[in-house]
Amino acid sequence: MKKRLVLFFALLLALVTGFTTLTTTANAATDNSLTKIEKKGTLVMGTSPDYPPYEFQATVHGKTKIVGMDVAVGQKIAKDMGVKLVVKSMSFDSLLVALQTGKVDMVISGMNPTPARRKNVAFTHTYYQGGYSIVINKSDKGIYKNKDSFVGKTIGAQTGSTMYNESKKQTSGTTVKGMTSVSDLILALQSHKIQGVAMEKPSAQAYVANNKELAAIPSDFNLSASDTSASVAFAKGSTALVNKANKSVDQIKKQNLVNKTYLPAAGKYLKTNTVNTSMFHYWKAFLTGIEYTLIITVCSVFFGFILGVLLSLARMARGGVLKTALRWLATAYVEFIRGTPMMVQVMFVYFGLGLIVNLPALTSGIIAISLNSGAYVAEYIRGGINSVDNGQTEAARSLGMSSGATLRYVVLPQALKNIWPSLGNEFITLIKDSSIVSIIGVSELIFQSNIVRSDTYRGVAPIAVIMVLYFILTFTASRILNYFERRMQHD
Amino acid sequence: MTKPIIEVKDLAKNFGKNQVLKDITEQVTPGQVIVVIGPSGSGKSTFLRCLNLLETPTSGEVDFAGENLTTLDTKRVNELREQMGMVFQSFNLFPNMTVLENIKLAPMKVKHMDDATATKRAHELLKQVNLDDHADAFPASLSGGQAQRVAIARSLAMDPKVMLFDEPTSALDPEMVGEVLSVMQQLAEQGMTMVVVTHEMGFAKSVADRVWFMADGFIQENSTPDDFFSNPQTERAQDFLSKILM
Ligand SMILES: Nc1ncnc2c1ncn2[C@@H]1O[C@H](COP(=O)(O)OP(=O)(O)OP(=O)(O)O)[C@@H](O)[C@H]1O
Ligand SMILES: [Mg+2]
């Protein structure tokens, strides 16, 4: 099962757990989790759709939608509760935090119920018992039999996953190479950089079914059941909900629905999905990516600029207690934002603010990036204002202009002209940095390219495509900015 | 006697421990041309800037048309500043605006004059300083003498009652000093009240009504140009004149 252990997310999870236990202990006694869902009429499922055949995006009649055996499991649970299933996609690492902050009602994402995770969320019975295979090049089929055949060779596995840890532990004389994405591993395999890829059985079957060059062999890893099983996660304390879902899960197991119905259905999607792996076939996905990247960038530049002007003015406020306090606050804000990673800020706005108001991912992303950009823009503007000769202010004031009018008509226009190149750079940086919001599931370019990669099993082509797209965006932007810069030159 | 338009009473100004102006009490009556002279660093600029409150006096008062500037709120100070034009050594034209826009800005933004009226008035003023053909030029393309004449026109656009000049010709090449001084002389002849800090002794002799000699934080002498140049009273002034007349 996927089991990435990123320290940061663990910390964030702990933080959020702290918050939520504070707010939920009060009503833990009366468990109304099931009635709440029934009243709402929808069950929101969080999943990370980059893991066929568990969950992945498929193009059905020109529309992309999330499919896979986990979605089928979710549908069954929702149907048994008599409510509608809503599928929400986000990165695997964000799933449990989303569950705890109430952004989703349940998580089904090939997740295995490890003791560490049990501390934070409640799991149902397992609905699927998997195992591991090793994918190799078909031409090597006679050479490798199981994990022990790779002495002196290299096998790959997803970094931080159970496969990765077990491969290291249970082989000797074999190099284990970690990469974050399975598509990259397959690519490495086909270019003979590695000789095998350890992954889950159903995934291995999907890859082999869709690529004639590949074959799967048993791994023969020694594994405990909890390492290879998948469960549905609910918020901690929602016992009624878990009990209800367990009834559906038990039925799924008893009737062997996963192997009999869900996996074959998912396999069909995989087939239609991979018939045409040309990048042109996915132009709509890339277009959506460009659209969101531009929306995020333009909105963030706009709000970031306004915030930057306000912050820079606050930082230059001189006078009474109030103005001094304002200056200190603005300075502290700017220093804090510049001293913390944008990625953490994005996570904090989405999940942290999410505890108070439920913001959509796109809005959260725009807010976070605007807040971030504002701090940098404030510094540019402050520098710009300081670069305007004091004589300009004195001339304006001696004409009877107020300090506000002086700033607006005399100082700021000159300051902006001086810092125009820096502001332009900030805009271009934002086009590139907006990719960070892919972690909270906004469909901008990076996010879209990852989906295309896992859909097509092609590792490089989508990256090349977005590289060119990013370049076109930034190049066009810098031409436009240069044009305006030239127009502002009078002297 | 006419009522003074500017009255300075016990004015003092410190920068930290540096006592630049110690105790100044003087008056300017409407239509007078005052030339302030004195050694470098004696506080002439500081004094001039105290008159329109670009510098806040440490103590004492500055009255303009009967109102004590040091006790007024910012809004009223802004209103009174309109009536005191100031011309700086370094011109301080707005480099991002044309000559015409430089002149129109304050009338339009402060007095809310409409564009047509402001443009018309700006052209009149540019004719007065002989620069109407440069209306659409940007400041960077002007010579120092031209720039300073535009700065004078810009101040006049607010119809001030008093004009303050802080060494208006010090930054100019010698051949351009004359064109600026003649504009100032014309202004004086039209009856403008002027306080001029300058090292141009010729201008002081021919145009000033009074010469104020400043040194060591005080106005040491206040006399007519004739008296001052032919018969300085204080040793400080005699010393100063002997150095510059050499
Ligand atoms: N903003 C300021 N902060 C601190 N000290 C100042 C400031 N402005 C002027 N001073 C000091 O005040 C003194 C008088 O300066 P001021 O510019 O008024 O003299 P000045 O007579 O105009 O000289 P100059 O002929 O060189 O223009 C100088 O010692 C100067 O260093
Ligand atoms: Mg001076």
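Taken over the range B:169-192, the criterion of being within 16 Å of ligand 2 (Cβ to nearest atom) and open to solvent by 40 Å² or more (accessible area, probe 1.4 Å) is satisfied by B:170, B:171. Screening the range B:82-117 for residues that are more than 16 Å from ligand 2 (Cβ to nearest atom) and in contact with a strand residue (DSSP E or B) (Cβ under 9 Å, 6 or more places away or on another chain) and picking the one that is farthest from residue B:151 (Cα to Cα) gives B:83.
Of the residues that sit in the range B:155-168 and are open to solvent by 10 Å² or more (accessible area, probe 1.4 Å) and under 15 Å from residue B:82 (Cα atoms), which one is farthest from ligand 1 (Cβ to nearest atom)? Looking at residues that are open to solvent by 10 Å² or more (accessible area, probe 1.4 Å) and under 15 Å from residue B:82 (Cα atoms), I get B:159. Here residue A:132 qualifies as under 27 Å from residue A:259 (Cβ atoms) and open to solvent by 10 Å² or more (accessible area, probe 1.4 Å). One residue is enough: does the range B:63-81 have a residue meeting the conditions within 16 Å of ligand 1 (Cβ to nearest atom), closer than 23 Å to residue B:222 by Cα and open to solvent by less than 20 Å² (accessible area, probe 1.4 Å)? Looking for residues that are within 16 Å of ligand 1 (Cβ to nearest atom), closer than 23 Å to residue B:222 by Cα and open to solvent by less than 20 Å² (accessible area, probe 1.4 Å), one finds none in the range B:63-81, hence no. Can residue B:129 be described as within 21 Å of residue B:180 (Cβ to Cβ) and of a type in the set (A, V, I, L, M, F, W, C)? Against the criterion (within 21 Å of residue B:180 (Cβ to Cβ) and of a type in the set (A, V, I, L, M, F, W, C)), residue B:129 qualifies.
Scanning the range B:36-58 for residues that are part of a helix (DSSP H, G or I) and open to solvent by less than 30 Å² (accessible area, probe 1.4 Å), we see that the one that is nearest to ligand 2 (Cβ to nearest atom) is B:44. The residue that is surrounded by the most Cβ atoms within 10 Å (Cβ to Cβ), counting only those in the range B:15-35 that are assigned to a strand (DSSP E or B) and near ligand 1 (Cβ under 9 Å from one of its atoms), is B:21.
Select, from B:211, B:196, B:150, the only residue that is open to solvent by less than 10 Å² (accessible area, probe 1.4 Å), away from ligand 1 (no atom under 16 Å from the Cβ) and modelled with pLDDT of 95 or more. The conditions single out B:150. The one condition from (1) within 22 Å of the chain's Cα centre (by Cα); (2) outside any helix (DSSP H, G or I); (3) within 9 Å of another protein chain (Cβ to nearest Cβ) that residue B:62 does not meet is (3). May I ask you to verify whether residue B:2 is assigned to a loop (DSSP other than H, G, I, E, B), over 30 Å from residue B:146 (Cβ atoms) and within 16 Å of ligand 1 (Cβ to nearest atom)? When the stated conditions are applied, residue B:2 does not pass them. In the set (1) farther than 30 Å from residue A:250 by Cα; (2) open to solvent by less than 40 Å² (accessible area, probe 1.4 Å); (3) within 27 Å of the chain's Cα centre (by Cα), residue A:174 fails one condition alone, (3). Residue under question is residue A:230, and the condition is that it be over 19 Å from residue A:67 (Cβ atoms) and in a strand (DSSP E or B); does it hold? No.
The values are calculated or read from the model by the stated rules, or taken from the named source; none is laboratory data. Source: prediction; values computed, not measured. Neighbour counts are summed over all protein chains in view; Cβ atoms, including those assigned to glycine, are modelled from backbone coordinates with ideal geometry. Protein only, heavy atoms only, side chains kept; ligands, DNA and RNA dropped before computing areas. Shrake-Rupley method; radii C 1.70, N 1.55, O 1.52, S 1.80 Å.
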